[in-house]
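Engineer: Shown below is the structure under consideration.
The values are calculated or read from the model by the stated rules, or taken from the named source; none is laboratory data. Here the structure is a predicted model, which is why all the values come from computation and not from measurement. Every residue, glycine as well, gets a Cβ built from its backbone with ideal geometry; the counts of neighbours run over all protein chains shown.
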Amino acid sequence: MVSKSAHRRKTSMSWLDLKIWLKEQKDLVEHSFIDNLYYIKEGSTLLLRMYNSVKGVTFWLIIEPSKRISLTFSDLKLDEIDEKAQRIWRTLLRDCYISGLNQIPCERILHIDVNCRDNVKKLIVELLPRGVVCIVDSQDKILLCNEYKSMRDRSVKAGSRYQPPPIITNCFENPSKILTHIQSNDTDVTRILIREGGLPPEIAETITFQCNLRDKKTSVLMEDEMACIDKVYHEIVAINKYYEPCIILDHQNNPIGFYSYSPPQFRTDNYRIEYYQTINEVINKYFEDSLKSLLLSSTSHRLKETINSTKNAIEGIDKLINEMKNELSELKSKIFVIDNNFLELEKMHQCIVSRVRTLGWEHIGDCGPIIEALPEKGVYKVRIDNLLLEFNVRKSFIENYNDIRKTIASLEKSIAKAGEEKQKLATKLQELMKELELREAKIRYKLSRIKEWYEAYIWYISSSGFLVIGGKDSSQNIKIIRKLVEPHDIVMHADIHGASTIVIKSQKKNVDEETIREATTIAACYSKAWKLKLMNVDIFWVYGSQVSLSPPSGQYLPKGSFMVYGERNYIKNVELKLAVGIEIIDKGFRVIIGPEYIVDKRAIAYFVVIPGDKDVQLVAKEFIDYLKSSKYEQLAATLDISEIAKKLPGKSSIVRKVVKSDSVTLE
């Protein structure tokens, strides 16, 4: 049995994980621009929004030193974050181009080559314990790091030359060579492979498991066992036999490790294995909860501080109310005793006042059961029914009595006022907790919402299930024609200069007339006709086989244009009216567009627009405010105004807003 310590929770990528991740994702990350970035102080995390113009996709690169690097198509844009912390990172990296990614062999260190116009930099990511993320210049001079520190083997300081930690020099050699050199050692094989060979623990454990070497000492290894060690090692590293990205969960269903292959030592009843398509997917899933916490912490820091201060204020009021109630209870008990002994106490008080004035304090003892006299304060104390009563000789007995009554009334008023203040704070706390809950829901949505490739374009699914896409600008129009249009597809365009090229992806099936008519709405709305505030426009369509980016000999095609050969099919007077709605998918949602009767069937809420004068951001806000006033407050809080605004063709006017009756809870 492998020791429990060997199965402790994995907290970071191994060099093998990094190697496999690069094999999977290098082609996408290279040749991408850093469109924007966020630096989160907690965890020293970098979130880089990337755009690959060749592939036409936007994604996010997540870098957590000492932990992981991965990419996601979820939108990680942060609404509230300390802008000062972002400034220097953005100055050095934003709008730069990633030209290369290189891993130091058998190390958890990645060099990302960054071209910033004429300035060449390097982003160095260390995934090893106490690792850093640094930006260095072409001479490896440190420009910026997440932290600066001096260690036993190196120093990380601004302005100094970057020094990597000590690296493995015998990478990819047969592990048996290492064991041969230290064969007299009585240490077990697993420890030597990890400590001397630099193998990730899971690989060392797999080797000893597969070769039946558990707890075996290096000094007694046989030749066939040495051969087995090398064979299993190279099979794992080559990932030609074992490649099965997975997450290991313990008997309590807690994730304890992630791997690029399925470690045989975990194939027992004590563990459960979840398999995925890629190591990138595994990394994102494994660190999903920690990323949620990190994003929530970074965007809700001030909100949580307000929540904590409000809780403390409520606790303080509770303490004060309890103290006042105790005092009030004691005073009411005193009043009760005084009322029951009023005449006797009044007579005693008159006696004491007279003696003090005529004979002095030392002669008041025979006036009654006096416990204590305090001449300097002008008071005396008596005990009746185990209650200590205090009276002032400078006041009449009835004045003393009324003072207690006034204090009772004042306390009752203060308790009521404190209770009202507590209720206000409790209401405020409830609102703050609800705001925190909504922010958590928004982050959950961001992380769970993985966009399809076609969402980089104008897109719509027809009533018959055909995918309809369109270019958001001239470059996307050309890309669609060059790379995505197939001969059987339908290509349509508004009969006006300046419009989106709309394509119905036929998948080599016959496209029905209803789908064509629906798509003309998209073609009409996303054209210059909208900006001109036209009410309708003509649309023509042709087959993909009729379009080309090659002009006739001797002619020139303007940027964003394409040639159409053969007969065009026209649909006249297509109305410029577009519906934008919210569709629920897998307990999440997405923003959809289309003709109203189609959006009405799919959306839980939607609005209809025509060309107008209101800015797209204001139109989007109007719809979100409408959701808030309805029953979809959680949905409204989760929605991003810009996500809706981007769907609008231009300045608009809302003609109708609709919310369905069925309520939906987002998880």
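Engineer: Sort through ILE610, ILE624 and tell me the only one that's of a type outside the set (Phe, Trp, Tyr) and either modelled with pLDDT under 95 or farther than 30 Å from ILE516 by Cα (or both).
Structural biologist: Unique residue meeting the criteria: ILE624.
Engineer: Out of (1) closer than 27 Å to GLU455 by Cβ; (2) basic (Lys, Arg); (3) not assigned by TED's automatic domain parsing to the domain that holds VAL619, what's the single condition that is false for LYS533?
Structural biologist: Here LYS533 meets the rest and fails (1).
Engineer: Regarding segment 520-535, can at least one residue be identified that is in contact with a Leu (Cβ under 8 Å, 6 or more places away or on another chain) and surrounded by fewer than 22 Cβ atoms within 10 Å (Cβ to Cβ)?
Structural biologist: Scanning segment 520-535, I find at least one residue that is in contact with a Leu (Cβ under 8 Å, 6 or more places away or on another chain) and surrounded by fewer than 22 Cβ atoms within 10 Å (Cβ to Cβ), so the answer is yes.
Engineer: Could you tell me whether segment 95-106 includes any residue that is under 34 Å from the mean Cα position of the chain (by Cα), among the acidic types (Asp, Glu) and at pLDDT below 95?
Structural biologist: yes
Engineer: Examine segment 257-265 for a residue that is surrounded by fewer than 16 Cβ atoms within 10 Å (Cβ to Cβ), under 29 Å from the mean Cα position of the chain (by Cα) and at pLDDT 80 or above, and state whether such a residue exists.
Structural biologist: No.
Engineer: Looking at ASP366, ASP385, which one is touching a Cys at 6+ places or on another chain (Cβ under 9 Å), exposed (fewer than 12 other Cβ atoms within 10 Å of the Cβ) and either without any contact (Cβ under 8 Å) to a residue 40 or more places away in the chain or under 16 Å from VAL337 (Cβ atoms) (or both)?
Structural biologist: Matching residue, one of ASP366, ASP385: ASP366.
Engineer: Pick from VAL136, VAL57: which is closer than 26 Å to GLU643 by Cα, among the β-branched types (Val, Ile, Thr), in contact (Cβ under 8 Å) with a residue 12 or more places away in the chain and in the same structural domain as GLU24 (by TED's automatic domain parsing)?
Structural biologist: So the residue among VAL136, VAL57 that is closer than 26 Å to GLU643 by Cα, among the β-branched types (Val, Ile, Thr), in contact (Cβ under 8 Å) with a residue 12 or more places away in the chain and in the same structural domain as GLU24 (by TED's automatic domain parsing) is VAL57.
Engineer: Give ARG191, ARG154, ARG195 a once-over and let me know the one that is among the basic types (Lys, Arg), closer than 20 Å to GLU107 by Cα and modelled with pLDDT of 85 or more.
Structural biologist: Answer to the selection: ARG154.
Engineer: In addition: Scan SER462, SER410 and give me the residue that is in contact with a strand residue (DSSP E or B) (Cβ under 8 Å, 6 or more places away or on another chain) and either surrounded by 13 or more Cβ atoms within 10 Å (Cβ to Cβ) or among the small types (Gly, Ala, Ser) (or both). Before you say what the answer is, go through the steps one by one.
Structural biologist: On the way: SER410 fails: in contact with a strand residue (DSSP E or B) (Cβ under 8 Å, 6 or more places away or on another chain).
It is SER462.
Engineer: Out of the residues in segment 196-234 meeting the condition of being touching a strand residue (DSSP E or B) at 6+ places or on another chain (Cβ under 9 Å) and of a type in the set (D, E, K, R), tell me which one is surrounded by the most Cβ atoms within 10 Å (Cβ to Cβ).
Structural biologist: GLU202
Engineer: When you go through GLU399, GLU440, GLU452 one by one, which is the residue that is more than 30 Å from PRO649 (Cα to Cα) and surrounded by fewer than 15 Cβ atoms within 10 Å (Cβ to Cβ)?
Structural biologist: That would be GLU399, the only listed residue that is more than 30 Å from PRO649 (Cα to Cα) and surrounded by fewer than 15 Cβ atoms within 10 Å (Cβ to Cβ).
Engineer: All but one of (1) touching a residue at least 40 places away in the same chain (Cβ under 8 Å); (2) touching a Lys or Arg at 6+ places or on another chain (Cβ under 7 Å) hold for HIS111; which doesn't?
Structural biologist: Here HIS111 meets the rest and fails (1).
Engineer: Condition (residue is surrounded by 20 or more Cβ atoms within 10 Å (Cβ to Cβ), of a type outside the set (D, E, K, R) and under 19 Å from ILE461 (Cβ atoms)) applied to segment 628-642: is it met by at least one residue?
Structural biologist: Within segment 628-642 (the criterion being surrounded by 20 or more Cβ atoms within 10 Å (Cβ to Cβ), of a type outside the set (D, E, K, R) and under 19 Å from ILE461 (Cβ atoms)), the answer is no, since none of the residues qualifies.
Engineer: Sticking with this structure for a sec: Return the total of residues in segment 276-303 being farther than 19 Å from ARG68 by Cα and part of a loop (DSSP other than H, G, I, E, B).
Structural biologist: 1
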